[in-house]
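Below is one structure; the comments refer to it alone.
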Amino acid sequence: MRRDIFQAIADPTRRAILVLIAAQAMTPNSLAEHFDTTRQAVSKHLRILTECELVKQEYQGREIYYQLEINKMKEVDKWVEQFRKIWEDRFNQLDKVLSTIKKQKKC
């Protein structure tokens, strides 16, 4: 079964893994140290992220380092972008309402 990137980022542990490897490439063992779970559980999350091409593997000797695949993350950003204008408009409307209420309280 082919997973998509949104299924992958739906899980909080996988999102946390993405945050960690965004800063630097990490091994499964070093990632597992950040979670209250087994290394095997972290490896499963990494497999899903790899299948979705959100992370890539780099071999350095006997170690496998996982790093963020920035171009794939751009797909998520592109999808979210369509909502950004809506959010900004709603925040602007809320700001106007709050300003009006504040002015009314001063009077």
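Of the trypsin sites (Lys or Arg not before Pro) in the stretch 1-99, which ones lie in a loop per DSSP and count no more than 15 other C-beta atoms within 10 Å? Mind dumping the intermediate values first?
Numbers: sites: ARG2, ARG3, ARG14, ARG15, ARG39, LYS44, ARG47, LYS56, ARG62, LYS72, LYS74, LYS78, ARG84, LYS85, ARG90, LYS96; in loops: ARG2, ARG3, ARG62.
Passing sites in the stretch 1-99 are ARG2, ARG3, ARG62.
Return the Rg/Rh ratio of the stretch 45-85 with Cα-based radii and a Kirkwood Rh.
1.16
Could you work out which residue, out of LEU18, LEU31, LEU94, moves most in a Gaussian network model of the chain, that is, has the largest mean-square fluctuation with Cα springs under 10 Å?
Ranking LEU18, LEU31, LEU94 by mean-square fluctuation puts LEU94 first.
Exceeding 32 Å between C-alpha atoms, which entries from my cross-link table qualify? They are LYS44/LYS78; LYS72/LYS96; LYS85/LYS105; LYS78/LYS105.
LYS72/LYS96; LYS78/LYS105
Beyond 23 Å, what share of the Cα-Cα pairs of the stretch 1-90 is found? Please give it as a whole percent.
Every Cα pair in the stretch 1-90 considered, those over 23 Å come to 27 percent.
Among ALA16, VAL97, GLN60, flag the residue with its Cα farthest along the positive direction of the charge dipole of the chain, charges on Cβ as +1 for Lys/Arg and -1 for Asp/Glu.
Of the candidates, VAL97 comes out farthest on the positive side.
Taking the Cα centre of the stretch 11-83 as origin, work out the dipole magnitude from +1 charges on Lys and Arg Cβ and -1 charges on Asp and Glu Cβ, in debye rounded to 20.
Values: 10 positive and 11 negative charges, 27 e Å.
Magnitude of the dipole: close to 120 debye.
For every other residue with a beta carbon closer than 13 angstrom to the beta carbon of GLN67, add +1 if it is Lys or Arg and -1 if Asp or Glu, then tell me the sum.
After counting each charged neighbour, the total is -2.
A short reminder: the numbers here are calculations on the coordinates, not readings from a lab. No experiment lies behind these values; they were computed from the predicted model shown. Note that each Cβ is placed from the backbone with ideal geometry, even for glycine, and that neighbours are counted across all protein chains shown.
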